[in-house]
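A quick write-up on the structure given underneath.
The values are calculated or read from the model by the stated rules, or taken from the named source; none is laboratory data. All values derive from a computational prediction rather than experimental measurement. FYI the Cβ positions are ideal-geometry reconstructions off the backbone, even for glycines, and counts take in every protein chain you see. SASA here: full protein model, heavy atoms, side chains in, ligands and nucleic acids out. Shrake-Rupley method; radii C 1.70, N 1.55, O 1.52, S 1.80 Å.
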Amino acid sequence: FHDMWAMTGGCHVAGDCTHYQRHCGACPQLASQRKRDLSFYTHAHKLNKWQDLNLSIITPSHWMRDCVRSSALFPEYDTHVIPNTLDIDLFTPFDQGTARDLLGLPRDQTLIMFGAGSVEVPHKGADLLRQILRHLVGRDAAIGLVVLGATQAADWEIGLPVYPVGYVRDDLRLKLL
């Protein structure tokens, strides 16, 4: 499980909502006040169809494992943590200056990289990063932000240089970044 969809009434990230631990309904992500909304019926359908399956569940983190174990759908299933892996034959060290030249990024700044489809997605932490970066404005260090995804420089308004690189769809570019 790389997200919470299997154990919820449809959301991939439940945020502060714990309805999936009992039964979904009155879904905050749907802005629903009705107990028997779409999330309720989706959760009920999953509970009906997925009970008594012979599963071993793999999660990439202890936090996700704990969510699975506290869910109404999978509390008794064998659940293991296997962290996300990295191909160490592909992702080897690369000369930083050359990589920055190839990507059109400055050599004279400390660069912080952030990736998300949108700065408005709360669980990605862009709001926290924005606060930290605003705190660094005016300090002695030359700092810039490299952003992956759909986000643009204007989305940040932090007083530091922002370098949007868009979506990264190939391993070589990802290696350079």
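Prolate is the label for segment 122-177, because the ratio a/c of its alpha-carbon gyration tensor axes (a ≥ b ≥ c) is 1.5 or higher and a/b is greater than b/c. Look at the alpha carbon pairs under 8 Å that are at least 6 residues apart: their mean separation over the length of segment 34-177 gives a relative contact order of 18 percent. Across segment 38-85, the mean sequence separation of Cα contacts (distance under 8 Å, 6 or more residues apart), normalised by length, yields a relative contact order of 39 percent.
Its convex hull of Cα atoms gives the chain a direction-averaged projected area, equal to a quarter of the hull surface, of 13.1 nm².
For a straight C-alpha distance cut-off of 19 angstrom, the lysines reachable from residue 46 (same-chain residues fewer than eight places away being disregarded) are 35. What is the local net charge at residue 19, summed over the other residues whose Cβ is closer than 15 Å to its Cβ (Lys, Arg +1; Asp, Glu -1)? Charge balance near residue 19 sits at +3. Annotation: per residue accessible area for the chain equals 63 Å², rounded to a whole number [probe 1.4 Å, protein chains only]. For residue 152 and residue 26, the difference between the fully extended length at 0.36 nm per residue and the C-alpha to C-alpha distance is 42.0 nm. Rounded to the nearest 20 debye, the dipole size of segment 1-74 about its Cα centre is 220 debye, using +1 on the Cβ of Lys and Arg and -1 on the Cβ of Asp and Glu. Stretching residue 94 away from residue 3 to a fully extended chain increases their span by 29.6 nm, per 0.36 nm per residue minus the current alpha-carbon distance.
Counting Lys and Arg as +1 and Asp and Glu as -1 over every other residue whose Cβ lies under 15 Å from the Cβ of residue 151, the net charge comes to -2. Here the contact order of segment 1-88, divided by its residue count and restricted to Cα pairs under 8 Å and six or more residues apart, works out to 28 percent. The residues 80, 135, 43, sorted by heavy-atom accessible surface at 1.4 Å with ligands and nucleic acids left out, run 135, 80, 43 from largest to smallest. As a calculated quantity, the FRET efficiency between residue 35 and residue 76 at R0 = 30 Å, using C-beta atoms, amounts to about 0.75. Counting only Cα atoms, the size of segment 1-100 along its three principal axes is 57, 33, 18 Å, in decreasing order. Carbon-plus-sulfur accessible fraction, the chain (probe radius 1.4 Å, protein heavy atoms only): 53%.
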